Amino acid sequence: MALLLTPHTITVVKAPEGFDAEGNSSTDWSGAQRTTVQGQVEPAASSENRDNRDQVATTYLVRLAPGTAVGPRDRLEWNGMTLEVTGDPLPWSGLALLDHLQLTAVRIRG
């Protein structure tokens, strides 16, 4: 991916999967591994849920270099925010300079 298209510093946060005392699958974010990468983040959508509480969900479109180790259970840290990756990162290819991974990530407040 061309450097011009990667103006943002993004931290990929991967947490080890484990089990709690009852044997349920759990994620331990306190022991997470952080990797800093370059990419592009842009806002995609924002919505409010006021049924039971005030909640705002903002979705971001994220582009990263091909081969970046990121998955649907990871988090991203960018611009002072923590974003949850939603779904699988999707590879885009064709013109070598524009090859990249594209994913969506959401920030929920409230």
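Under 15 Å from a label point set 7 Å out along the Cα-to-Cβ vector of Ser93, the amide N atoms of region 1-44 belong to 1. GNM remark for the chain: springs join alpha carbons under 10 Å apart, and the peak mean-square fluctuation among Arg34, Arg50, Arg63 falls on Arg50. Note that region 23-34 has calculated 3J(HN,Hα) couplings of x, 7, 5, 9, 10, 9, 6, 5, x, 5, 9, 10 Hz, one per residue in order, obtained from phi through the Karplus relation 6.51 cos²θ - 1.76 cosθ + 1.60 (θ = phi - 60°); glycine and proline are x. Neighbours of Arg34 by Cβ distance under 9 Å: Lys/Arg scored +1, Asp/Glu scored -1, total 0. Only alpha carbons enter this Debye calculation for region 17-110, each as an equal point scatterer, and the log10 of I(q)/I(0) it gives at q = 0.20, 0.21 Å⁻¹ is -1.05, -1.10. A simple count of charges around Ala44, restricted to other residues whose Cβ falls under 13 Å of its Cβ and scoring Lys, Arg +1 and Asp, Glu -1, yields +1.
Each reported figure results from applying straightforward, stated rules to the coordinates on display, with no laboratory input. Just so it is clear, the model here is predicted, and its values are computed rather than measured. A quick note on method: Cβ atoms are made from the backbone with ideal geometry, for glycine too, and the neighbour counts reach across all protein chains shown.
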